[in-house]
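**Q** Dropping the structure in here first, questions after.
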């Protein structure tokens, strides 16, 4: 993206309709963040590791990760991100429709930084995204990238 943003979010979501809904909610909330979308854990990891064809990918400040993804699911995605010294400091929020206690517990045991149940109502979703933005981009101090190679 050519536009400059103060923060970037990587959304890992396999459902194109849900990805578009999230992008629309971000726009509706007036969040001035860059949004990159990966439709699988494999694509997200390639983007995060700047592997071909994503050599010029920007490092996200926050990852929103769907839990129920095909092939390598969200649990494996969290595990790989948090075990990689170059990526582990990027906050990962699970964004899932599941309210199941095992899903929530497993996510935190894998060191997810938070678990957010996707609201069904669009305005509630906008409100949740606004609270996420305020907390992660205004309240907390995010760590710098582990090396200077990231843009």
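**Q** Which whole-number percent is the relative contact order of the chain (Cα, under 8 Å, 6+ apart)?
**A** Numbers: 212 pairs, mean separation 35.5, N = 151.
Reported as a whole number, the value is 24 percent.
**Q** Give me the distance in nm between label points sitting 7 Å out from Cα along the Cα-to-Cβ direction at residue 83 and residue 117, one decimal.
**A** So the two model labels end up 3.0 nm from each other.
**Q** Go through 84-92, 59-67 and give me the packing order, highest mean Cβ count within 10 Å leading.
**A** Working: 84-92: 16.8, 59-67: 22.8.
Descending mean neighbour count gives 59-67, 84-92.
**Q** Mind jotting down the three principal axis lengths of region 55-126 based on Cα atoms? Whole angstrom, largest first.
**A** Cα spread of region 55-126 along its principal axes, largest to smallest: 36, 26, 22 Å.
**Q** Run the simple label-point estimate for residue 105 and residue 141 please: 7 Å along Cα→C-beta, distance reported in nm.
**A** The answer from the label model is 3.6 nm.
**Q** Please compute one quarter of the surface area of the Cα convex hull for the chain and express it in square nanometres. Walk me through the numbers before you get to the answer.
**A** On the way: hull surface 34.6 nm².
Computed as one quarter of the Cα hull surface, the answer is 8.7 nm².
**Q** Can you compute the label reach from residue 71? Point 7 Å from Cα along the Cβ direction, backbone N cut-off under 20 Å, restricted to region 18-40.
**A** 18-20, 36-40
**Q** If Rh is defined by the Kirkwood formula over all Cα pairs and Rg also comes from Cα, what ratio Rg/Rh do you get for region 87-145? Could the numbers behind the result be given before it?
**A** Details: Rg = 12.6 Å, Rh = 12.6 Å.
Result for region 87-145 is an Rg/Rh of 1.00.
**Q** What value, in deg cm²/dmol to 500, does the helix sum -39500 (n - 2.57) over DSSP H runs of n ≥ 4 give at 222 nm once divided by the residues of the chain? Let's see the in-between values first.
**A** Working: 5 runs with 53 residues, N = 151.
Per the formula, -10500 deg cm²/dmol.
Laboratory data are not the source of any read-out in this text; all were calculated from the coordinates shown. A quick note: this is a predicted structure, and the numbers were derived from the prediction, not measured. Glycine also receives a Cβ, built like all others from the backbone with ideal geometry; neighbour counts cover every protein chain displayed.
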